[in-house]
Amino acid sequence: MLVVGFPAGPLEANCYLLAADGGGECVIVDPGEDVVERLEAALAEHGLTPVAMLATHGHPDHVASAAVIGARHGIPLHLDEADRPLLVSDAGERKDGIVPLVDGPLRLAGLEISVSRTPGHTAGSVIFGLTSAEGGRIVLTGDSLFAGSIGRSSGDGGELVRSLGAKVMTLPDDTVVLPGHGPATTIGQERAGNPFLAGTGV
């Protein structure tokens, strides 16, 4: 599996490209602010053709470039329906280019991507999980879980921790976490040392 990631925009949100192998089809995760130039360079460098965009949630730093990229490549944005209201028209939302996400497997670009709803940071926050052909596991957590921290909650502060306990921290310790901001980590590292998860039973 090929994973290419880079931070972009004022908030340095991570945008990721996922492909079954180098060259061929890929998916784009979190096409946020100011990603277009770097994204196009990465697509060209690795010989990739995007077939879809996935959003961990609907905040602008994670979806602001979706309209431009969608129009350029003719691809939709997969977003949880609960976060559709976060997309504002003056940011160029293409209402006909939104595909609602639901829990379960999503098969795109030769990848099987699990989708799990993790409300808390936003009502429509989700995480994406993948397993490589070699057996390695990754999970893209958006702004729900970071290295050493968790995201801010849009409502009930306990909802995010409950989501993390039920959907994220039940994953094996060797699962690589690719967050929405900051460096990668693992589930084991966060279980052992993330102070925001202490005392939650996860």
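The values are calculated or read from the model by the stated rules, or taken from the named source; none is laboratory data. Nothing here was measured: the structure is a model prediction, and the numbers come from that model. Heads up, the Cβs are rebuilt from the backbone with ideal geometry, glycines too, and the neighbour counts pull from every protein chain shown. With ligands, DNA and RNA removed, areas are computed over all heavy atoms of the protein, side chains included. Shrake-Rupley method; radii C 1.70, N 1.55, O 1.52, S 1.80 Å.
For the stretch 154-169, give me each residue that is in a loop (DSSP other than H, G, I, E, B) and either over 23 Å from Val3 (Cα atoms) or modelled with pLDDT of 95 or more (or both).
Ser154, Gly155, Asp156
Going through the stretch 9-37 one residue at a time, which ones are free of Cβ contacts under 8 Å to residues at least 40 places away in the same chain and of a type in the set (A, V, I, L, M)?
Of everything in the stretch 9-37, those that are free of Cβ contacts under 8 Å to residues at least 40 places away in the same chain and of a type in the set (A, V, I, L, M) turn out to be Leu17, Val35, Val36.
Right, Gly47: modelled with pLDDT under 95, open to solvent by less than 50 Å² (accessible area, probe 1.4 Å) and more than 18 Å from Ile127 (Cα to Cα) or not?
Against the criterion (modelled with pLDDT under 95, open to solvent by less than 50 Å² (accessible area, probe 1.4 Å) and more than 18 Å from Ile127 (Cα to Cα)), Gly47 does not qualify.
Checking Ile28 against (1) open to solvent by 10 Å² or more (accessible area, probe 1.4 Å); (2) within 17 Å of Ile75 (Cβ to Cβ); (3) among the β-branched types (Val, Ile, Thr), only one condition comes out false. Which one?
Ile28 satisfies all of (1) open to solvent by 10 Å² or more (accessible area, probe 1.4 Å); (2) within 17 Å of Ile75 (Cβ to Cβ); (3) among the β-branched types (Val, Ile, Thr) except (1).
Please specify each residue of the stretch 83-117 satisfying the condition of being hydroxyl-bearing (Ser, Thr, Tyr) and modelled with pLDDT under 95.
Ser89
Counting only residues that are outside any strand (DSSP E or B) and buried (at least 16 other Cβ atoms within 10 Å of the Cβ), which one in the stretch 107-119 is farthest from the chain's Cα centre (by Cα)?
Ala109
Identify the residue in the stretch 133-153 that is of a type in the set (D, E, K, R) and part of a loop (DSSP other than H, G, I, E, B) and, among all such residues, is surrounded by the most Cβ atoms within 10 Å (Cβ to Cβ).
In this case the residue turns out to be Asp143.
Could you tell me which numbered condition Leu130 fails, if it satisfies all but one of (1) over 24 Å from Leu43 (Cβ atoms); (2) in a strand (DSSP E or B)?
With (1) over 24 Å from Leu43 (Cβ atoms); (2) in a strand (DSSP E or B) applied to Leu130, the lone miss is (1).
So for the stretch 183-194 (the condition being open to solvent by 70 Å² or more (accessible area, probe 1.4 Å) and at pLDDT below 95), does at least one residue qualify?
Yes: the stretch 183-194 contains one or more residues that are open to solvent by 70 Å² or more (accessible area, probe 1.4 Å) and at pLDDT below 95.
Taking interchain pairs and intrachain pairs at least six residues apart, which have beta carbon atoms under 9 angstrom, with the first residue in the stretch 159-178 and polar (S, T, N, Q) and the second in a helix (DSSP H, G or I)?
Taking only residues 6 or more apart or on different chains, the pairs are Thr170/Ile187; Thr175/Val168; Thr175/Ile187; Thr175/Gly188.
Take Thr122 and decide whether it is at pLDDT 95 or above and open to solvent by less than 10 Å² (accessible area, probe 1.4 Å).
Spelling it out, it is not the case that Thr122 is at pLDDT 95 or above and open to solvent by less than 10 Å² (accessible area, probe 1.4 Å).
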